[in-house]
1. What number goes with the only condition from (1) under 30 Å from Ala368 (Cα atoms); (2) touching a Lys or Arg at 6+ places or on another chain (Cβ under 9 Å) that Glu279 does not pass?
2. Can you tell me which residue in the range 255-286 is surrounded by the fewest Cβ atoms within 10 Å (Cβ to Cβ), limited to those that are touching a residue at least 24 places away in the same chain (Cβ under 8 Å) and assigned to a helix (DSSP H, G or I)?
3. Just a yes or no: is a residue in the range 324-332 among the aliphatic types (A, V, I, L, M) and either loosely packed, with under 13 Cβ neighbours inside 10 Å or within 26 Å of the chain's Cα centre (by Cα) (or both)?
4. Of everything in the range 247-262, what is on the phi < 0 side of the Ramachandran plot and in contact with a helix residue (DSSP H, G or I) (Cβ under 7 Å, 6 or more places away or on another chain)? Give them in sequence order.
5. Tell me the residue from Val381, Val372 that is within 23 Å of Pro322 (Cβ to Cβ), of a type in the set (Val, Ile, Thr) and in contact (Cβ under 8 Å) with a residue 40 or more places away in the chain, please.
6. Just for the range 111-159: of the residues that are more than 19 Å from Ala217 (Cβ to Cβ) and touching a His at 6+ places or on another chain (Cβ under 9 Å), which one is modelled with the highest pLDDT?
7. When the range 159-185 is examined, which residues are found to be more than 18 Å from Arg123 (Cα to Cα), of a type in the set (A, V, I, L, M) and either free of Cβ contacts under 8 Å to residues at least 24 places away in the same chain or outside any strand (DSSP E or B) (or both)?
8. Out of the residues in the range 53-104 that are in contact with a strand residue (DSSP E or B) (Cβ under 7 Å, 6 or more places away or on another chain) and among the small types (Gly, Ala, Ser), which is nearest to Val118 (Cα to Cα)?
Amino acid sequence: MSSGHHDHSHGHDHDHGAGAAGGYGPLKVLPDGDLDLANQSLADALRKSFSILKLLMLVLVVVYFLSGFSTVQPNEVGLKLRYGRIVGASKDDMSQNPVLPPGWHWSWPYPFERFETVAVNERELPVEFMFQLSDEERTGGIKGYKYGTLSPDRDDYLITGDVNILHASLIIKYKVADAVAYLTNIKPAPDPAADVRSYPYRLYPEYTLLTSLVRDAVIETAAQRGALDIRGTKQNEFLEAVALRLLGKFREYEQAGMPLGLSLDPATGVLAPKTGTVEAILPPRQTQEVFDLVLSAQSQMAVAIKKAEADAQSKLFQTAGPNYAPLAEQVNKEFQLMLKQASTDTTGPMSDELAAARSATEQMMHAASGQVQEVIRNAEVRRDQIVKEAEGEFNQYTALLPEYLRNPDIFMSRMYDETFAAAMNNEKILKTFVPRTGDRFWLQIARPPLQKPDEKKRHSEETPKPFEAPKRIQ
């Protein structure tokens, strides 16, 4: 039986080829030169791949370090957290200021450090104690009065110090004053662009904590004031009191070692803006009509008081000039000293304190302007006239006294005749002759004509003639 296998014992080389069973012949051996080219090609490929890998690793390292750069906007501040701790905030680490200003800043990338930004611009938080309003009432206003009952499940309200009920819709304006305390005790915070009335916003600690503090401050402040004061002319005082009480609660947290880092302006931190046609602070609709009447009366009273104060200021200015206030205070001081001296000693001399006060009052009156100067001038003129009249009467007395002493009867008769003759010759004196029959006689005296105010003033301003002494009787 023939076979494809044969003995290799012969002494020549040849290609056996594939046998009948599909076998392979011997492998072909490459030359040494061809083997070196293959290794070189493989080495070059590996070398290029490794260079690309190193470049990629370098790029990744650069990108990793560049990821540590962060930007802080103008209305923000930045803070670095290293392994969860704020860099520079602890007493052991005072190497740098923990609060970073706006601009570019670098920190070690995650997981070594983390960069946080905190918005420091003014924020608003609405807090409501309102009854349920429909969409139509919110946009078109409350029309008419409703006399239903309030439901605690549906309506919110405040109880005032005089046991009345008010509704309020307030806006709290606050900002972050201490970013370290804020980040430590309040963060995480919602997106600054989120609506404060949205549901996700209410899930954050800032909203829940601040809302609770504000509601407590409003409730406590309203419980100490009257409803008319809160809704009326003292509304600004109420809002400022709420802000001060809220600041007090912030201080309580700070004293307890948990500062919130929040602050607000007492004058503008709590506002009660009118929403559309709905007032920010209003009574229940069941008592709206009565409150409106009382508020209208208060407004009229306030207008009348302001008008009276303005008239008083104008009158005082006309009376004593721009420096009327010190003069009025000095006059009141002198008057009180007079009352004090009158109550202790009614017959003693003037005290030194009262004399000094009176002297100071006179100096201030002479230095004042306005009608005071006119009154002083008229008084001085009248004083001079009285002095001259007294001097004239005294001169007349001294001139007639010797004649009277020589013959009193003749002197009195002569004086009577002269006086009677002067009266009879005076046309301004009404003369009536009474019959000697002794019957009852009715004397009709005509009432003088009424004078106009300007005529009275002109008559009072007329300077009386000085006293003229009669001629001496020879």
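The values are calculated or read from the model by the stated rules, or taken from the named source; none is laboratory data. Everything quoted here is computed from the prediction, not taken from an experiment. Heads up, the Cβs are rebuilt from the backbone with ideal geometry, glycines too, and the neighbour counts pull from every protein chain shown.
1. For Glu279, the exception is condition (1).
2. Looking at residues that are touching a residue at least 24 places away in the same chain (Cβ under 8 Å) and assigned to a helix (DSSP H, G or I), I get Gln286.
3. Yes, the range 324-332 contains a residue that is among the aliphatic types (A, V, I, L, M) and either loosely packed, with under 13 Cβ neighbours inside 10 Å or within 26 Å of the chain's Cα centre (by Cα) (or both).
4. Lys249, Met258, Pro259, Leu260, Leu262
5. Just one listed residue meets the conditions, Val372.
6. Phe115
7. Once the filter is applied, which keeps residues that are more than 18 Å from Arg123 (Cα to Cα), of a type in the set (A, V, I, L, M) and either free of Cβ contacts under 8 Å to residues at least 24 places away in the same chain or outside any strand (DSSP E or B) (or both), the range 159-185 yields only Val163.
8. Gly78
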